[in-house]
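Notes to accompany the following structure.
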Amino acid sequence: QVRDLAERCVGQVEPQGFFGSTMLGFVQNAIQLAGYTYIIASLHPIMIAFILAVIGINTFIGKRLNKIGYEFQPILSRLSRRYSYICNNMTSFTVAKEVRINGASTWLRKKYRDETSEFIRETKHQQNITLPWQIVTMIVELLQTVVIYGYCAYLAIGGEITVGSFTVFLGAVTAFAGSFSGFIGRFPGLSLLSKYVDDYRKFERL
């Protein structure tokens, strides 16, 4: 249980990654959003509401996927650790004598097949649960792209914006969606990280 807990949480809690990626990412996304919001609002503010709605849906889906991933993490960590242990014993020269003397090669091969089958089965089970959410995300992102490009083309064809404004508008809307999605998407990541921190504290107390 101690080794399973270590496998699950130790690699997930890295101060360097937190400050270097998460915190700096927040600042970077906030600065980008300020500029893109001004450009979009000056052209047509209704697109901001549409993009925020799409991002809200994707954020909800992201939280669900994080929750599913965290729930499966103990299972996959245990299987991964056992699989690695068996592979090491099958290929390491340090235990080769013991394997030959005790005739353990047949047993190791059987354990290898069993652990591999169980790992594949659990991975497929996780993928079957996450696949519908991932499909919804793809559909929403496709809808967002179609609406943004279609609306920009509509304004340009109707003469409401120039070709130059069309280019600026399209680039700003696309960049705004990416920046805001990255900004909001960091919150579920922080929530997930806090769970791993709790696991790490539990591991330290053992």
Subject >> From Arg186, Arg201, Arg121, residue being of a type in the set (D, E, K, R) and either assigned to a loop (DSSP other than H, G, I, E, B) or at pLDDT below 75 (or both) >> reply: Arg186
Subject >> Boolean, Phe72 is more than 30 Å from Glu118 (Cα to Cα) and aromatic (Phe, Trp, Tyr) >> reply: no
Original post:
Is at least one residue of region 132-139 modelled with pLDDT of 85 or more and either open to solvent by 90 Å² or more (accessible area, probe 1.4 Å) or closer than 20 Å to Arg81 by Cα (or both)?
Top reply: yes
Original post:
Only one residue in Leu52, Leu33, Leu65 is in contact (Cβ under 8 Å) with a residue 60 or more places away in the chain, open to solvent by 60 Å² or more (accessible area, probe 1.4 Å) and of a type in the set (A, V, I, L, M). Which one?
Top reply: Leu52
Subject >> Residue that is part of a helix (DSSP H, G or I) and free of Cβ contacts under 8 Å to residues at least 12 places away in the same chain, where the choices are Thr94, Thr116 >> reply: Thr94
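The values are calculated or read from the model by the stated rules, or taken from the named source; none is laboratory data. Remember, predicted model here, so these are calculated numbers, not experimental data. When we count neighbours, we look across all protein chains shown, and the Cβ atoms used for this are built from the backbone with ideal geometry, even at glycine. Note: areas computed on protein heavy atoms with side chains; ligands, DNA, RNA excluded. Shrake-Rupley method; radii C 1.70, N 1.55, O 1.52, S 1.80 Å.
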